Amino acid sequence: MIFRALRGRSGIRAFAGFKSSETGRRVLAERRVLLDVVNDRAYLAALPQGSVGHAYLDFMESENLSADGLVMASQEWEKEKLPADVEPFRNRMRDSHDLTHILTGYGRDPLGELCLLAFMNRHSNNLGQLLIVAMSWSRMPPKSRAAVIQAWRDGKKARWMMALDYEALLARPLEDVRRDLRIADPSRYRAALS
């Protein structure tokens, strides 16, 4: 609800950037559905150890998650009608959420989710993300605050993640993808957890 209420024109700008990117044009022309790929556990299991897709599968299994779970959760609040070409983009952003956990190195614990919000805010510019971080700020110990600040700064340095060709990244080594996307090691997050 907060995301939707405070997003302003951030979703429109993100879609425009996606649609004008080479990947976005291909995804829309091919009518790709990321959900089909991330739900194919046999395909993901066959990918090499250390690949993005294999790390994603390990993450989903260790957390007892499924990509369909995000779909069901989003149906509660994503009820607004969208233009036909915008809906695939919104679905793609939803279906890539757990992939962003893998790529950034932030877990599903409360601090990891806050760090991911801060990181991705640099890509989406949704004020709702910052409001959620701000609402938690006073309860965070200094190490957690340092982790969130690092995530926000690292998000600014990373390549724009809303137009990634996730399907092509799945078979690649995770560390190579992080380097290519300029995603820094979340060292302060890991330090705050220990």
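A few notes on this one:
- All of ARG159, ARG145 fail the test of being free of Cβ contacts under 8 Å to residues at least 40 places away in the same chain and within 20 Å of SER96 (Cα to Cα), apart from ARG159.
- The residues listed here are ARG178, ARG188; of these, the one that is surrounded by 16 or more Cβ atoms within 10 Å (Cβ to Cβ), within 16 Å of GLY107 (Cα to Cα), out of contact with any helix residue (DSSP H, G or I) (no Cβ under 6 Å at 6 or more places or on another chain) and not acidic (Asp, Glu) is ARG178.
- Condition broken by ARG4, with the remaining ones in (1) modelled with pLDDT of 95 or more; (2) part of a helix (DSSP H, G or I) satisfied: (1)
- Qualifying residues in the range 166-186 (those that are in a helix (DSSP H, G or I) and free of Cβ contacts under 8 Å to residues at least 40 places away in the same chain) - the one nearest to LYS19 (Cα to Cα): ALA168
- All positions within the range 137-165 that are outside any loop (DSSP other than H, G, I, E, B) and of a type in the set (S, T, N, Q): SER144, GLN150
- Test: residue in the range 102-121 that is closer than 28 Å to LEU47 by Cα, in contact with a Phe, Trp or Tyr (Cβ under 6 Å, 6 or more places away or on another chain), of a type in the set (S, T, N, Q) and part of a loop (DSSP other than H, G, I, E, B): no
- Taken together, the residues in the range 100-131 that are among the charged types (D, E, K, R) and crowded, with 18+ Cβ neighbours inside 10 Å amount to 1.
The values are calculated or read from the model by the stated rules, or taken from the named source; none is laboratory data. Fair warning: this is a prediction, and the values are worked out from it, not measured in the lab. Reconstructed Cβ throughout: ideal geometry from the backbone, glycine too, with neighbour counts over all protein chains shown.
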